[in-house]
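The values are calculated or read from the model by the stated rules, or taken from the named source; none is laboratory data. Because the structure is predicted, anything quoted here is derived from the model rather than measured. A quick note on method: Cβ atoms are made from the backbone with ideal geometry, for glycine too, and the neighbour counts reach across all protein chains shown. Keep in mind that these areas ignore ligands, DNA and RNA; they rest on the heavy atoms of the full protein, side chains included. Shrake-Rupley method; radii C 1.70, N 1.55, O 1.52, S 1.80 Å.
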Amino acid sequence: MTQHALPQRDPEVTARLGKPLGSGLSVHGVALLLPAGSAAGSRRPSFLTLAAQRPLARRLTRAGEEDGLVVHVVRYRHRGWNGPAADPVHDAQWAAEEVVRRYGDVPVCLIGTGMGARAALRAAGHPAVTAVLAIAPWLPEPEALLDPDPVRQLVGRRVLLVHGTNDERTDPDLSYRLAERAKKLNRDVCRFEVHSDGHGLKQHRPEVQSLVVDFVRGTLFGHHFARPVADALAAPPPLGLRMPLASGFGQSLHH
């Protein structure tokens, strides 16, 4: 059988931060959005993948403007995870370092979706990162069961995972297992389940966005968490790792 060589990567290709959203005059915290991707691929991420982050970026910008929040979408070098290379993890770490270079000693929250959620969890060890939010994290089953992703880098960070129970693209049971392992080392870990929703969490998008905003405002700027988030962080497993995201969450939070 003929074997085809993988395309060579351009060593000059670098990750980038998208245009800053929010007040750049007095920056007190930064949210880095890590988009979804694919298992393999050396090309740049598609425009649609980056554009999918805009609604959440705008929502965060509006809610965090008075606190001095700046939001960036991270533009990966390559659209794929690419096996042991774990390319988006290195891009996320570079992005956190770039935040330090641009804004100084400000807290950073990594917010990832799908593949980007896995990258956020893996890159959490950067000193500037104080919080991680993983939306429908992609955890390939053979690796997650036989060679689990590390969780020690999550110690000292506040961590929230959210997953649809009907997700057919990324396994919610695997994100529960990862959260369970992380909770043993770090009490500040919680996980929300969005019942009956799928991978894109489209049925409960306003609730998920409100959850993200509440977590970012609480972790970066010290605002009080909404009661469900505070309860989830305080509750032992499995309760705090299977917290249902109620329909209508966020409607009374005024942010």
Calculated FRET efficiency for the pair Phe221/Asn166, C-beta based, R₀ 35 Å, to 0.05: 0.55
Ala86 paired with Glu180, simple spin-label distance in nm, labels 7 Å along Cα-to-beta-carbon: 2.2
10 Å beta-carbon shell around Pro88, net charge (K/R +1, D/E -1): +2
Exposure rank, largest accessible area first [Val89, Val100; 1.4 Å]: Val100, Val89
Two-site label geometry, Ser26 and Leu145: point separation in nm, points 7 Å out along Cα→Cβ: 5.4
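Pop out the carbon and sulfur fraction of the accessible area of the chain as a percent, whole number, probe 1.4 Å.
The computed percentage sits at 52.
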DSSP-defined antiparallel bridges as percent of all bridges, the chain, nearest 5: 10
Candidate aspartates and glutamates for bridging to Lys202, where Cα separation is under 13 Å - those fewer than 8 sequence places away on the same chain excluded: Asp167
Candidate residues Tyr176, Tyr103: accessible-area rank, largest first, probe 1.4 Å: Tyr103, Tyr176
Cα pair count fraction exceeding 19 Å, expressed as % - segment 123-244: 45
Contour minus Cα-Cα distance for Ala51 and Ala230 (0.36 nm per residue): 61.3 nm
Segment 158-180 residues near the modelled His195 label - backbone nitrogen below 16 Å, point 7 Å along Cα→Cβ: 163-167
Whole-number accessible area per residue in Å² for segment 127-255, which is evaluated in the context of all protein chains at 1.4 Å: 47
Taking the convex hull of Cα positions in segment 59-209, its mean projected area over all directions (nm²): 9.1
Mean separation of Cα contacts under 8 Å, 6 or more apart, over the residue count of the chain: relative contact order %: 16
Within segment 127-148: backbone nitrogen closer than 18 Å to the Val100 label point (7 Å, Cα to C-beta): 127-132
